[in-house]
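Okay, structure first, notes after.
The values are calculated or read from the model by the stated rules, or taken from the named source; none is laboratory data. Owing to the predicted nature of the structure, the values given are computational and were not obtained by experimental measurement. Here the Cβ is made from the backbone with ideal geometry for all residues, glycine too, and neighbour counts use every protein chain on show.
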Amino acid sequence: MTLEQLRMLIQVAELGSLKAASEKLFKTQPAISQGIKQLETQLGIQLFSRQGYRLLLTDNGKQIYQHALRLLNEAEQIKQLASFLMAGNEATVTIAIEASYDVKRILPVLEMTQTEFPHTQIILKQEYINGALEAVQSNQADLALTTIDNLALQSGNYEANKLYQGNLCNVAAPKFLQRHPKLISVEELKDEYQIVVQDSGQSSQGISYSVQAGQRCWYVNDFSTKKTLIMSGIGWGRLPDYMIKDELHTQSLVAVSLQDFDTLVALNYQAIKLKSRLLGPVASKLWQNLASMQP
């Protein structure tokens, strides 16, 4: 069975005659007839009823016809994909994203990419603290959307485009704060549980950021779990401001103001890539589109 035989089947089924199919496929009528007979022999079933003026599909033929349509469509998609890849376009592009980043902000860029490069798979890797930058460093990601300190930027290893400034807000549930009606110092929270997201980077394993010495901690690996625990009153900690906007408005979460612990920590998010890494066409277009976003 060949794709050409399936094309013959489809054209005869849709046009109803060998003559019309031969004109459409630029083949002789005997060639079309022979191709259909060979296909019937190979499949062991009769595809067409030859009793009337028009060639009509048998019940079995109708089922084979539907499958033939799908197979030819898939074959065309394979040809398009091969052409896409031969042009140098990437099969996949990976973006490492710091988990506190508001992904909704890049939806327009992702939609543009989907429209322009439908054959490229976009992989979004959620990382924590240093994980996104390390993913770019180790070539596990083409681009990163994360924060980066000035020392790393000044190293000359990276290109960066500013995206926006977000904040991590120190919060707790009213139930939690009832246990500390006169709370003014982080020292008073040592015996409470600070809910901390673990760093997915390797270079800073074992380092706890914004955690005082002797602090009781519970560790989680995503902000959703952290938010759930904080809202339950089990503990306290920092969450991305966009994630708790409604909760702060309804006061199901309350910003915790302390004399010796910042209520808000500003995070300057940037799109980052290695200068030494040559990006493919899709990743390059993604980079350009990210660079055009207004901070």
Does Glu23 satisfy being charged (D, E, K, R), over 15 Å from Leu3 (Cα atoms) and touching a Leu at 6+ places or on another chain (Cβ under 9 Å)? yes
Could you check His180 against (1) more than 21 Å from Lys275 (Cα to Cα); (2) outside the structural domain of Val254 (by TED's automatic domain parsing); (3) surrounded by fewer than 19 Cβ atoms within 10 Å (Cβ to Cβ) and say which number it fails? (2)
Being out of contact with any Gly (no Cβ under 9 Å at 6 or more places or on another chain), basic (Lys, Arg) and without any contact (Cβ under 8 Å) to a residue 60 or more places away in the chain narrows Lys245, Lys162 down to just Lys245
Looking at (1) at pLDDT 90 or above; (2) assigned to a helix (DSSP H, G or I); (3) surrounded by 14 or more Cβ atoms within 10 Å (Cβ to Cβ); (4) within 21 Å of the chain's Cα centre (by Cα), find the lone condition where Ser224 falls short. (3)
Out of Ala271, Ala291, Ala255, Ala266, sole residue that is small (Gly, Ala, Ser) and under 18 Å from Val197 (Cα atoms): Ala266
In the stretch 1-26, residue farthest from Gln63 (Cα to Cα) [restricted to those that are polar (S, T, N, Q) and part of a helix (DSSP H, G or I)]: Ser22
Per-region count, the stretch 236-262, residues acidic (Asp, Glu), assigned to a helix (DSSP H, G or I) and out of contact with any helix residue (DSSP H, G or I) (no Cβ under 9 Å at 6 or more places or on another chain): 1
Determine whether the stretch 199-217 contains at least one residue that is part of a strand (DSSP E or B), in contact (Cβ under 8 Å) with a residue 60 or more places away in the chain, surrounded by 15 or more Cβ atoms within 10 Å (Cβ to Cβ) and not acidic (Asp, Glu). no
Please indicate, with yes or no, whether at least one residue in the stretch 243-264 is closer than 27 Å to Leu110 by Cα, at pLDDT 95 or above and exposed (fewer than 14 other Cβ atoms within 10 Å of the Cβ). yes
Taking the residues in the stretch 139-164 that are polar (S, T, N, Q) and at pLDDT 90 or above as candidates, determine which candidate is farthest from Ser292 (Cα to Cα). Gln140
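Residue-by-condition table, conditions (1) surrounded by fewer than 11 Cβ atoms within 10 Å (Cβ to Cβ); (2) in the same structural domain as Gly280 (by TED's automatic domain parsing); (3) at pLDDT below 90; (4) β-branched (Val, Ile, Thr):
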| residue | (1), (2), (3), (4) |
| --- | --- |
| Leu72 | no, no, yes, no |
| Glu76 | no, no, yes, no |
| Met86 | yes, no, yes, no |
| Ala99 | no, yes, no, no |
For residues in the stretch 263-278 being touching a strand residue (DSSP E or B) at 6+ places or on another chain (Cβ under 7 Å) and not in a strand (DSSP E or B), which is nearest to Tyr158 (Cα to Cα)? Lys275
Of Ser284, Ser276, the only residue that is modelled with pLDDT under 90, within 30 Å of Ile122 (Cα to Cα), loosely packed, with under 15 Cβ neighbours inside 10 Å and not aromatic (Phe, Trp, Tyr) is Ser276
